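Peer 1: I have a structure here, written as structure tokens, and I will follow up with some questions on it.
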């Protein structure tokens, strides 16, 4: 038997009796998949781990609290033998053979009639890997192959095109703060499957170079606006390409709903009857400070953080930010899009009671190879920005967390 490879097959176990002998770590690892398959699971074991016991308490499995006995496998479709008693395992394996029950043995794979593959899942696809080398099975190699395939499917580096007609639509994808590795797995997969990508300037540009040649990449900043405002033109472009039956990705920096105007795009698509998927992204408001060594919260220093837009000054009638109230908060203030307004922001905060000595950090092009951090205080930040030539994009962090060192104490 060892000279021939196993025959791979997917068992449909919904409602069918499955017997698991032994309630230890092997059962703990295997039971969730069997439960997920809808099997009628009977566990035979005098003892079980706390996790397995919790499955029984929740009614997910039926637990017979005793050792294996002849006849336990008579009506089973599938059996997992994983007790610590070699004699019981051998006897159960023999019974499985008699009743023609496919049987997995954790202690001796060569004596089993079935092997459990290393499995992984990605968007409706199950990847199952078995070692077929007659010279010996290598579980670590098998798991590594599984992980490589699943990871490739998830991040889009292993592209498996859909050959059936796909539903046209738009995905609003948050690309994260800039480092291409910080986009979500789902976002990267949707990028790999796109026909058209409409990208922001602040999106992870390196990912665009990985797209197949047939993908049309459109720079949102260069869409002809004509009589439309910029956002209206982008909305129209999304609708137009989706109506052509294409899969469209709107690649945005950070998160689509954190000062990204994602809801405006979703509303335009909904009005046009275009299906839309929103994929959250890692917001620069927390990730960029973190990449620069700044925690936006820290025990004993800051119990809250507030994220505000600085694209309009505090004295601008269009501003919706309650700057006087922000000045009274003791937590962390994160300002996005505020480099050119930071002087007036600092003046307003100090005018309403914020200490001039409050630490400030400006992190330019965070998470990218060009990242740099510039430190100042509220009193000095306006001059520091000019002297250090700080330019957008930059995340501004205001508060005592800026001075917290890696040892957990204020610098």
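Derivation of every value follows stated rules applied to the coordinates shown; laboratory data play no part. Computed from a predicted structure; not experimentally measured. Using ideal geometry, Cβ is built from the backbone for each residue, glycine included, and neighbour counts are taken over all protein chains shown.
Peer 1: For helix 342-351, what angle does its Cα long axis make with the longest principal axis of the chain, in degrees from 0 to 90 and rounded to 10?
Peer 2: Taking Cα atoms only, the helix is inclined about 80 degrees.
Peer 1: Take the alpha-carbon centre of region 1-49, take the same for region 333-372, and report the distance between them in whole Å.
Peer 2: 57 Å
Peer 1: Angle, helix 25-36 long axis vs. longest principal axis of the chain, Cα atoms, 0 to 90°, nearest 10?
Peer 2: In the chain, helix 25-36 runs at an angle near 80 degrees to the longest axis.
Peer 1: Across the Cα atoms of region 350-411, what radius of gyration and what greatest pairwise Cα-Cα distance (Dmax) are found, in Å?
Peer 2: Here Rg and the maximum Cα pair distance are 12.3, 37 Å.
Peer 1: Using Cβ contacts closer than 10 Å as the measure, can you line up 350, 55 from fewest to most?
Peer 2: 350, 55
Peer 1: Find, to one decimal place in angstroms, the Kirkwood hydrodynamic radius of region 1-70, where the mean of 1/r is taken over every pair of different Cα atoms and then inverted.
Peer 2: 13.0 Å
Peer 1: Okay, moving on. Specify, per residue and in Å³, the volume enclosed by the convex hull of the alpha carbon atoms belonging to region 341-383.
Peer 2: Enclosed volume per residue, from the Cα hull, is 67 Å³.
Peer 1: In units of 2.2 N^0.38 Å, what is the alpha-carbon radius of gyration of region 285-403?
Peer 2: Cα-based Rg divided by the globular estimate yields 0.96.
Peer 1: What is the antiparallel percent of DSSP beta bridges lying wholly in the chain, to the nearest 5?
Peer 2: 35 percent
Peer 1: Over the chain, what relative contact order in percent results from Cα pairs under 8 Å that are six or more residues apart?
Peer 2: Relative contact order, the chain: 10 percent.
Peer 1: What whole-number distance in Å separates the alpha-carbon centres of region 228-273 and region 65-120?
Peer 2: Centre-to-centre (Cα) distance: 55 Å.
Peer 1: Could you list 328, 354 so that the one with the fewest beta carbons within 10 Å of its beta carbon is first and the one with the most is last?
Peer 2: 328, 354
Peer 1: Can you tell me the relative contact order of region 17-116? Whole percent, Cα pairs under 8 Å, sequence separation 6 or more.
Peer 2: That works out to 28 percent.
Peer 1: Another question about this same structure. Go ahead and estimate [θ] at 222 nm for the chain from helices alone: -39,500 (n - 2.57) per DSSP H run with n ≥ 4, summed, over the residue count, rounded to 500.
Peer 2: For the chain, the value works out to -8000 deg cm²/dmol.
Peer 1: While we're here: Classify region 1-151 as rounded, prolate or oblate from the Cα gyration tensor: take a ≥ b ≥ c as the square roots of its eigenvalues, call it rounded if a/c is under 1.5, otherwise prolate when a/b beats b/c and oblate if not.
Peer 2: oblate
Peer 1: Can I ask one more? Find how much the distance from residue 206 to residue 138 grows on full extension, using 0.36 nm per residue of separation minus their present alpha carbon separation; answer in nm with one decimal.
Peer 2: Extending this stretch completely gives an extra 20.8 nm.
Peer 1: Let me ask something else about it. For region 208-280, just run the numbers: alpha carbon Rg, then divide by 2.2 N^0.38 Å, N being how many residues it has.
Peer 2: Rounded to two decimals, the normalised Rg is 1.10.
Peer 1: Here's a follow-up. Using the reciprocal of the averaged 1/r over all distinct C-alpha pairs, how large is the Kirkwood radius of the chain in Å?
Peer 2: 25.9 Å
Peer 1: In addition: Please report the equivalent ellipsoid semi-axes of region 260-308, computed as sqrt(5 x eigenvalue) of the Cα gyration tensor, largest first, in whole Å.
Peer 2: That gives 34, 11, 8 Å for the three semi-axes.
Peer 1: Also: Can you give the FRET efficiency to the nearest 0.05 for residue 51 and residue 318, using r as the Cβ-Cβ distance and R₀ = 51 Å?
Peer 2: Here the calculated transfer efficiency is 0.40.
Peer 1: Hey, any idea what Rg/Rh is for region 244-349, computing Rh the Kirkwood way over Cα pairs?
Peer 2: 1.06
Peer 1: Compute the helix-to-body angle for 230-243: its Cα long axis versus the longest principal axis of the chain, expressed 0 to 90° and rounded to tens.
Peer 2: That works out to roughly 30 degrees.
Peer 1: May I pose another question? For 179, 322, what ranking results if the residue with the fewest other Cβ atoms within 10 Å of its Cβ goes first?
Peer 2: Going from sparsest to densest Cβ surroundings: 322, 179.
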